[in-house]
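The values are calculated or read from the model by the stated rules, or taken from the named source; none is laboratory data. The shown structure was predicted, so the numbers you read here are calculated from the model rather than taken from an experiment. Ideal geometry is used to build each Cβ from the backbone, glycine not excepted, and the neighbour counts take in all protein chains shown. Note: areas computed on protein heavy atoms with side chains; ligands, DNA, RNA excluded. Shrake-Rupley method; radii C 1.70, N 1.55, O 1.52, S 1.80 Å.
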Amino acid sequence: MQNAREIDLAAWPRAGQYRLFRSYDRPHFATTARVDVTALMTTGKPAGVSPYRAFIHAIGAGIHAVPELRMRFVSEGGGEKVIEYGAISLSATVPRPGDTFGYAYIPYIADWREFDESCKAIIEETARGTDLGANTGQRFDVAYLSCLPWIDFTSLDNALPGPDDCIPRFSWGKFVEGPGGRISCPVAVQVHHALVDGLQVGRFFEAAQASLNRFSGASA
């Protein structure tokens with residue numbers, strides 16, 4: 001399997017937690033926290049940065065900073081393996097005419113300018129399409145992203161097919177100005193507890209926030 005390595009369960013410190021939560025009927029947990037987007041909106045956006053694409057990139061940065069968010073368990077040869085992908089694609093919802101949407105698959109690139117160009121092209125192509133593009137279960141090297149710009153939500157839960165789905169979900173909501181002119185938005189992260197704990201979710205938020213903060217001196 002390219003771009004991936006198998007986790008040695010005998011040496012993995014989280015093997016006990018993995019086996020415990022793998023037996024649960026409802027093994028997922030969701031966390032919502034606020035992320036500061038002041039730099040993005042006051043410096044990045046006026047310089048031509050797309051807040052939508054910048055947020056996709058920030059989520060990608062957070063995911064790639066945390067190995068557990070790139071881990072998946074997969075059935076193979078009558079058994080189950082835990083795989084860590086070196087890189088994954090970001091499957092974002094893209095609006096289409098008629099209040100519909102399609103799924104885009106955007107490879108993560110650490111360099112913002114290179115990512116932005118690629119992301120823009122993929123989103124435009126997806127917006128023109130008609131196929132939903134939903135993952136049929138053939139791909140595990142993805143994370144699911146969605147934007148809810150109409151809602152300043154305080155929590156969010158996703159539709160999940162069952163306890164065997166281990167692909168994490170990331171959603172962000174409405175940008176809201178608060179005290180002191182700071183702008184923030186809610187971000188929800190939903191993960192499978194067999195692979196991810198609260199510590200890793202916290203590390204994701206730290207890395208995603210650092211990515212957004214870089215736009216304090218942004219140019220398009």
Check: From the residues in region 139-156 that are over 17 Å from the mean Cα position of the chain (by Cα) and under 20 Å from ARG53 (Cα atoms), which one is surrounded by the most Cβ atoms within 10 Å (Cβ to Cβ)?
Finding: ASP152
Next item on the list: Kindly provide the set of residues from region 29-69 that are part of a strand (DSSP E or B) and not small (Gly, Ala, Ser), ordered by number.
Entry: PHE29, THR31, THR32, ARG34, VAL35, ASP36
Next item on the list: Could you check ARG96 against (1) over 16 Å from the mean Cα position of the chain (by Cα); (2) among the basic types (Lys, Arg); (3) within 24 Å of ASP197 (Cβ to Cβ) and say which number it fails?
Entry: (3)
Next item on the list: Exactly one condition in (1) within 23 Å of GLY202 (Cα to Cα); (2) small (Gly, Ala, Ser); (3) in contact (Cβ under 8 Å) with a residue 60 or more places away in the chain is not met by SER50; state its number.
Entry: (1)
Notebook entry, point to check: When residues of region 182-219 are filtered for being part of a helix (DSSP H, G or I) and either at pLDDT 95 or above or crowded, with 16+ Cβ neighbours inside 10 Å (or both), how many remain?
Noted result: 18
Check: Hey, any hits in region 33-42 for a residue that's farther than 30 Å from PRO163 by Cα, surrounded by fewer than 17 Cβ atoms within 10 Å (Cβ to Cβ), of a type in the set (Asp, Glu) and touching a helix residue (DSSP H, G or I) at 6+ places or on another chain (Cβ under 9 Å)?
Finding: yes
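Residues are listed down the side, and each one gets a yes or a no for (1) over 15 Å from the mean Cα position of the chain (by Cα); (2) open to solvent by 30 Å² or more (accessible area, probe 1.4 Å):
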site: ARG72; (1), (2): no, no
site: ALA110; (1), (2): no, yes
site: GLY137; (1), (2): yes, yes
site: ASN158; (1), (2): no, yes
Notebook entry, point to check: Is it true that THR43 is touching a strand residue (DSSP E or B) at 6+ places or on another chain (Cβ under 8 Å), over 21 Å from GLN138 (Cα atoms) and at pLDDT 95 or above?
Noted result: no
Check: Would you say PHE101 is open to solvent by less than 10 Å² (accessible area, probe 1.4 Å) and either of a type in the set (Phe, Trp, Tyr) or assigned to a loop (DSSP other than H, G, I, E, B) (or both)?
Finding: no
Notebook entry, point to check: Are any of the residues in region 155-166 in contact with a Phe, Trp or Tyr (Cβ under 8 Å, 6 or more places away or on another chain), assigned to a loop (DSSP other than H, G, I, E, B) and closer than 17 Å to VAL35 by Cβ?
Noted result: no
Next item on the list: Of all residues in region 66-88, count the ones that are small (Gly, Ala, Ser) and touching a residue at least 12 places away in the same chain (Cβ under 8 Å).
Entry: 2
Checklist line | Where a residue in region 131-154 is in contact (Cβ under 8 Å) with a residue 60 or more places away in the chain and its partner, wherever it lies, is polar (S, T, N, Q) and open to solvent by 80 Å² or more (accessible area, probe 1.4 Å), with Cβ under 9 Å and at least six apart | finding: ASP141/ASN3
Notebook entry, point to check: Taking region 112-121 as the region of interest, how many residues are more than 20 Å from ASP141 (Cα to Cα) and without any contact (Cβ under 8 Å) to a residue 60 or more places away in the chain?
Noted result: 4
